[in-house]
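Asker: Got a structure here, written out as structure tokens. Questions coming.
The values are calculated or read from the model by the stated rules, or taken from the named source; none is laboratory data. Since the model is a prediction, treat every value here as computed from it, not as a measurement. Every residue, glycine as well, gets a Cβ built from its backbone with ideal geometry; the counts of neighbours run over all protein chains shown.
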Ligand SMILES: Cc1cc2nc3c(=O)[nH]c(=O)nc-3n(C[C@H](O)[C@H](O)[C@H](O)COP(=O)(O)OP(=O)(O)OC[C@H]3O[C@@H](n4cnc5c(N)ncnc54)[C@H](O)[C@@H]3O)c2cc1C
């Protein structure tokens, strides 16, 4: 489906922001392993932290297609910024908007939309990434608590993107319920919440990846999202939605790599002519464009399934359900990003291998998209499971 005039306008706003405010600083942020201090303020001013927050809660309430167009543009400017926005908007804000009580929504959504609280996701643990159902973080009922419905959280989460900037973290923890996992809305200012162990990553270096320690963290019953044993379902939904966001982000990286490659190929001369005149380079550019187009189409196809979920319908399972479409999009787009960024480095020749040029960073960033929110081996497993579900 072609974008509407309104979607094109929003996309153009995101593109201008990415080109003017993100791309020029991207290499410096990567080297410093930190985003510019005012990035979140600027994102909030543009409304880009409230894209998935309904208008009645202070957000822009974008449809999924518009949200994905913006993420793609942000990633084209800087992938670390896009990752932070994707996690804030997907597994945190969307999940809360979809499953939160009216009180939870009223408390958190306006703050998330305004950037007063940035959202983070704490699912993975040291021994638990690919298999979230085996998490160790515990939530026990605090019988001595005032209303008898409070909880005490204990455990350590790993690889939490944006942990120290976050005001709200969605923490998945094992509850007392039989085999139950709960999803908790944890205010990071609470006693017992600490961030440590900032990782030095290969790509996405400007988006902090750190540990989140929870020691006797007391939260009220109002911190529990839905029933105490629904965390597993919410984790799957959060991952489905997040994977579509990562697919859009990957398309943004892919486009950036292709654009840099085209520019360089037309400027660089060897053997007395521009390298863009060589068939070998033209073949690479054509294959890169093919991957961009394919990845984008699959991302928006998955976006339609997310939109159906937001509207309260659409199949979740089976080959055409949200879970399979999200996994297909994430798999295709992340592999496209790595492949295209690799080809861009090749087109740049020796310069491509240098930190002074932008394409080696794109390759480092692209690799991350094959790993987080479920590795691509897990994506293939998910897709096969949905294909074989009724056999
Ligand atoms: C930069 C970055 C940011 C991240 N941000 C977050 C975040 O904000 N919040 C969060 O909760 N987590 C985050 N993560 C964690 C990420 O989601 C996990 O690292 C990822 O899911 C993989 O888990 P793992 O590292 O435990 O790998 P493992 O699950 O141990 O996998 C190791 C290898 O085994 C393969 N494998 C595992 N299971 C299977 C299987 N069933 N079939 C076939 N192969 C399999 C994997 O594909 C991989 O090749 C982040 C990770 C990174 C690198």
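Asker: Scanning for something in contact with a strand residue (DSSP E or B) (Cβ under 9 Å, 6 or more places away or on another chain) and in contact (Cβ under 8 Å) with a residue 24 or more places away in the chain, does segment 360-370 turn up at least one residue?
Answerer: Within segment 360-370, none of the residues are in contact with a strand residue (DSSP E or B) (Cβ under 9 Å, 6 or more places away or on another chain) and in contact (Cβ under 8 Å) with a residue 24 or more places away in the chain.
Asker: Then there is this: Scan segment 205-221 residue by residue and report those that are within 28 Å of residue 233 (Cα to Cα) and assigned to a loop (DSSP other than H, G, I, E, B).
Answerer: 207, 208, 220
Asker: How about segment 187-215: which of its residues are at positive phi and within 15 Å of the ligand (Cβ to nearest atom)?
Answerer: 197, 204
Asker: Please count how many residues of segment 266-296 are part of a helix (DSSP H, G or I) and farther than 23 Å from residue 367 by Cβ.
Answerer: 11
Asker: Right, here's the next one. In a helix (DSSP H, G or I) and more than 21 Å from residue 364 (Cα to Cα): is that true of residue 68 in this structure? Reasoning before the result, please.
Answerer: Working: in a helix (DSSP H, G or I): yes; more than 21 Å from residue 364 (Cα to Cα): yes.
So residue 68 fits the description; yes.
Asker: Residues that are under 19 Å from the mean Cα position of the chain (by Cα), more than 14 Å from residue 156 (Cα to Cα) and buried (at least 16 other Cβ atoms within 10 Å of the Cβ): does segment 209-217 have at least one?
Answerer: no
Asker: I'd like to know if segment 329-343 contains one or more residues that are without any contact (Cβ under 8 Å) to a residue 40 or more places away in the chain and away from the ligand (no atom under 16 Å from the Cβ).
Answerer: yes
Asker: Next up: With the structure loaded, tell me whether residue 386 is surrounded by 18 or more Cβ atoms within 10 Å (Cβ to Cβ) and within 16 Å of the ligand (Cβ to nearest atom) or whether it fails that test.
Answerer: Here the answer is yes, as residue 386 does meet what is asked.
Asker: Kindly indicate which of 231, 252 is modelled with pLDDT under 95, surrounded by 22 or more Cβ atoms within 10 Å (Cβ to Cβ) and closer than 30 Å to residue 313 by Cβ. Please lay out each step first, then the result.
Answerer: On the way: 252 fails: modelled with pLDDT under 95.
Testing whether each residue is modelled with pLDDT under 95, surrounded by 22 or more Cβ atoms within 10 Å (Cβ to Cβ) and closer than 30 Å to residue 313 by Cβ leaves just 231.
Asker: Find the residue count for segment 344-383, including only residues that are crowded, with 23+ Cβ neighbours inside 10 Å, away from the ligand (no atom under 16 Å from the Cβ) and either within 22 Å of the chain's Cα centre (by Cα) or not in a helix (DSSP H, G or I) (or both).
Answerer: Within segment 344-383, residues that are crowded, with 23+ Cβ neighbours inside 10 Å, away from the ligand (no atom under 16 Å from the Cβ) and either within 22 Å of the chain's Cα centre (by Cα) or not in a helix (DSSP H, G or I) (or both) number 1.
Asker: A further question on this structure: Here are some residues: 62, 40. Which one is modelled with pLDDT of 95 or more, within 22 Å of residue 120 (Cβ to Cβ) and touching a strand residue (DSSP E or B) at 6+ places or on another chain (Cβ under 7 Å)? It would help to see each step written out before you state the result.
Answerer: On the way: 62 fails: touching a strand residue (DSSP E or B) at 6+ places or on another chain (Cβ under 7 Å).
After ruling out the rest, the residue left standing is 40.
Residue-wise test of (1) surrounded by fewer than 14 Cβ atoms within 10 Å (Cβ to Cβ); (2) farther than 21 Å from residue 251 by Cα; (3) outside the structural domain of residue 338 (by TED's automatic domain parsing).
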| position | (1), (2), (3) |
| --- | --- |
| 282 | yes, no, no |
| 285 | no, no, no |
| 296 | no, no, no |
| 300 | no, no, no |
| 305 | no, no, no |
| 314 | no, yes, no |
| 317 | yes, yes, no |
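Asker: May I ask you to say which residue of 44, 32 is closer than 25 Å to residue 183 by Cβ, surrounded by fewer than 21 Cβ atoms within 10 Å (Cβ to Cβ) and in contact (Cβ under 8 Å) with a residue 60 or more places away in the chain?
Answerer: 44
Asker: Select from segment 100-150 the residues that are modelled with pLDDT of 95 or more, assigned to a helix (DSSP H, G or I) and either more than 16 Å from the ligand (Cβ to nearest atom) or assigned by TED's automatic domain parsing to the domain that holds residue 185 (or both) and list them in ascending order.
Answerer: Of everything in segment 100-150, those that are modelled with pLDDT of 95 or more, assigned to a helix (DSSP H, G or I) and either more than 16 Å from the ligand (Cβ to nearest atom) or assigned by TED's automatic domain parsing to the domain that holds residue 185 (or both) turn out to be 102, 103, 104, 105, 106, 107, 108, 109, 110, 111, 113, 114.
Asker: Just for segment 47-58: of the residues that are without any contact (Cβ under 8 Å) to a residue 60 or more places away in the chain and not in a helix (DSSP H, G or I), which one is surrounded by the most Cβ atoms within 10 Å (Cβ to Cβ)? Write out each step before concluding.
Answerer: Keep residues of segment 47-58 that are without any contact (Cβ under 8 Å) to a residue 60 or more places away in the chain, which gives 48, 51-52, 54-58.
With not in a helix (DSSP H, G or I) added as a condition, the list becomes 48, 51-52, 54, 58.
Working: 48: 27, 51: 28, 52: 30, 54: 16, 58: 16.
Filtering segment 47-58 for residues that are without any contact (Cβ under 8 Å) to a residue 60 or more places away in the chain and not in a helix (DSSP H, G or I), the one surrounded by the most Cβ atoms within 10 Å (Cβ to Cβ) comes out as 52.
Asker: Which condition from (1) in contact (Cβ under 8 Å) with a residue 12 or more places away in the chain; (2) in contact with a helix residue (DSSP H, G or I) (Cβ under 6 Å, 6 or more places away or on another chain); (3) buried (at least 17 other Cβ atoms within 10 Å of the Cβ) is the one that residue 61 breaks?
Answerer: Failed condition: (1).
Asker: Please enumerate the residues belonging to segment 157-186 that are surrounded by fewer than 18 Cβ atoms within 10 Å (Cβ to Cβ) and either assigned to a strand (DSSP E or B) or away from the ligand (no atom under 14 Å from the Cβ) (or both).
Answerer: Our first condition is that a residue be surrounded by fewer than 18 Cβ atoms within 10 Å (Cβ to Cβ); within segment 157-186, this holds for 164, 167, 176-180.
Correct list: 167, 176, 177, 178, 179, 180.
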